[in-house]
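The values are calculated or read from the model by the stated rules, or taken from the named source; none is laboratory data. Predicted model only: the values in this text are computed from it and were never measured. Because the Cβ atoms are built from the backbone with ideal geometry, glycine has one as well, and the counts that use them run over all protein chains shown. The protein model used for the area step is the full one, side chains on, heavy atoms only, and it has no ligands, DNA or RNA in it. Shrake-Rupley method; radii C 1.70, N 1.55, O 1.52, S 1.80 Å.
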Amino acid sequence: MGAISFFRRRLFVVIGTHASLILLSTAKSFHCHFDSASKNAFVPCLTNIIRHDKTSSVTTLASSRHEDLYGAVHRKEHEMKNVNQQHSSISDPVRMAIGYSLEGESLPPLKLAKALRRVYDDPSNIANPNQKELTQEEEKRANKLLEYGMQDAVMRRGSFIVDIKRKSLSRPGETFARYDDAGMVAEAMVSLGADVVFVNVDYHSYGGDITELRSAVRAVKRVSKTAAVIMKDIVVDEIQLGLAKDAGADGVVLISSVLGPALTNFLDLATTIGLETIVECHTRNEVKAAIDALAQNIMVSNYDRIQQKYYSDQAYKLAGMFPGSGGPIICIAGGGIEDTDEMKRLLAVGYDGVVIGKAVMGSARAPEFIKAVKDRTLLPAEFSQWGLENVEFDVDGNLMPGPKKNIPSPDDEDVFL
């Protein structure tokens, strides 16, 4: 499979409601973005400054001095040539990891999917090995929901995913945190309640390496039997799936804008070797392509890797593309989420989980973010369009009283003033 050759000269990206084709030059000094206010206009983007456009909720983070996606892909392709040479023997553990197909009982459990759906925290979930028998009243209610075709329309539990990294390709020049080993960070986050941890293994862009992935796998297993460890890398070669499998990771992140039409092949290989995947998408067409490729776990990112911009409402706008509660696709959101209100807003519109990186890395706010997800339940995704985004429920499904941000409540101290 190897190199993703279409990145070398040009990249076609389908965007917009009319599926317009835009030819993007690989020259670093020129990038274009489709302006939705004018269907026939293209707005040039500045690539040598950092700015925030409040009117369009777009943050541009680019610099000619730092590596962009094109440069990262080329560098990764070169690195993987060397890695393939190092693991060329047919008896090499990494090569063997992608050389055997797993079937039947040999397939590992869907640890990632169960962690994202938090099935172990739901005693009534049939996927929970410790499932409790329903009471007569609960069984009667379940039969009633089944009769009306709403058996999956039950209260949801959101998952919290930590993106462990020292720096990021999306924020050149910034260092979020300084730590000796990602394993220690992963162990601490899972101990606080995180359901899934992403461990970045690209040193140049994110400051991590494959040894930290191994360390994180060992550390997380010490404190949790249910939390999943995911390798996050700029995946361009199938040997990287072997590295993840050999390190003991439960899954990998595949970037749709990097793999393009090769995404299906990588998904097939990962499934064959017993490795779960999360497909990172940004545009509507990337989400559609991931769904068509039968991706089980899809992450909608607010960050456009090609344009090197943040669109703060992108995940919110694409929430309606996924099936309702309990559907076959698990959808999560991430990319530049800075506060708990934004996080809860995304969960309320139907996402199964949220990915938080910079906001909790090297910050004392990690417990605050985790508690905001774990200490509440969510309405079924089918109710996401009913204007109930600001209504919050505790773990037992009871309405949570108390003041909320810019939302009046009967329990507010000044309610009668």
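Surrounded by 13 or more Cβ atoms within 10 Å (Cβ to Cβ), of a type in the set (Gly, Ala, Ser) and modelled with pLDDT under 85 - does that describe any residue in segment 65-77?
no
Taking the criterion of being in a helix (DSSP H, G or I) and buried (at least 18 other Cβ atoms within 10 Å of the Cβ), would at least one residue in segment 250-257 satisfy it? Spell out how you get there, then give the answer.
Here is the first cut: in segment 250-257, the residues in a helix (DSSP H, G or I) are 256-257.
Remaining after also requiring buried (at least 18 other Cβ atoms within 10 Å of the Cβ): 256-257.
Yes.
With the checklist (1) open to solvent by 30 Å² or more (accessible area, probe 1.4 Å); (2) in contact with a strand residue (DSSP E or B) (Cβ under 8 Å, 6 or more places away or on another chain) in hand, flag the one item ASP292 doesn't pass.
(2)
Which one of LEU263, LEU275 is closer than 25 Å to ASN302 by Cα, free of Cβ contacts under 8 Å to residues at least 40 places away in the same chain and buried (at least 22 other Cβ atoms within 10 Å of the Cβ)?
Exactly one of LEU263, LEU275 is closer than 25 Å to ASN302 by Cα, free of Cβ contacts under 8 Å to residues at least 40 places away in the same chain and buried (at least 22 other Cβ atoms within 10 Å of the Cβ), namely LEU263.
Give the number of residues within segment 226-246 that are in contact with an Asp or Glu (Cβ under 8 Å, 6 or more places away or on another chain), aliphatic (A, V, I, L, M) and within 20 Å of GLY71 (Cα to Cα).
2
State whether one or more residues within segment 334-341 are open to solvent by 10 Å² or more (accessible area, probe 1.4 Å), assigned to a helix (DSSP H, G or I) and touching a strand residue (DSSP E or B) at 6+ places or on another chain (Cβ under 9 Å).
Checked against the condition, which is being open to solvent by 10 Å² or more (accessible area, probe 1.4 Å), assigned to a helix (DSSP H, G or I) and touching a strand residue (DSSP E or B) at 6+ places or on another chain (Cβ under 9 Å), segment 334-341 yields at least one hit.
Filter segment 165-208 for residues that are basic (Lys, Arg), out of contact with any Ser or Thr (no Cβ under 8 Å at 6 or more places or on another chain) and open to solvent by 40 Å² or more (accessible area, probe 1.4 Å) and give the result.
Answer for segment 165-208, where residues must be basic (Lys, Arg), out of contact with any Ser or Thr (no Cβ under 8 Å at 6 or more places or on another chain) and open to solvent by 40 Å² or more (accessible area, probe 1.4 Å): just ARG178.
Give me the pairs, please: first residue somewhere in segment 69-82 and assigned to a helix (DSSP H, G or I), second residue anywhere and acidic (Asp, Glu), beta-carbon distance under 7 Å, and either six or more positions apart or on two chains.
Note: pairs meeting the criteria are MET80/ASP237.
Give the residues of segment 228-249 that are surrounded by fewer than 20 Cβ atoms within 10 Å (Cβ to Cβ) and part of a helix (DSSP H, G or I), sorted by residue number. Write out each step before concluding.
Filtering segment 228-249 for residues surrounded by fewer than 20 Cβ atoms within 10 Å (Cβ to Cβ) gives 238, 246, 248.
Scanning segment 228-249 gives a single hit, ASP246.
Only one of these conditions is not met by PRO328: (1) at pLDDT below 70; (2) under 17 Å from the mean Cα position of the chain (by Cα). Which number is it?
(1) is the only condition that PRO328 fails.
Specify the residue that is modelled with the lowest pLDDT; the eligible residues are those in segment 149-190 that are closer than 26 Å to ASP250 by Cβ and basic (Lys, Arg).
Filtering first and then ranking leaves ARG156.
From the residues in segment 296-333 that are surrounded by fewer than 20 Cβ atoms within 10 Å (Cβ to Cβ) and charged (D, E, K, R), which one is nearest to GLU67 (Cα to Cα)?
Per the criteria, the residue is ASP313.
Within segment 211-222, can you find the residues that are under 15 Å from ARG166 (Cβ atoms) and either open to solvent by 10 Å² or more (accessible area, probe 1.4 Å) or without any contact (Cβ under 8 Å) to a residue 40 or more places away in the chain (or both)?
THR211, GLU212, LEU213, SER215
In segment 342-375, how many are closer than 17 Å to ARG157 by Cα, free of Cβ contacts under 8 Å to residues at least 60 places away in the same chain and not in a helix (DSSP H, G or I)?
Total satisfying the criteria: 3.
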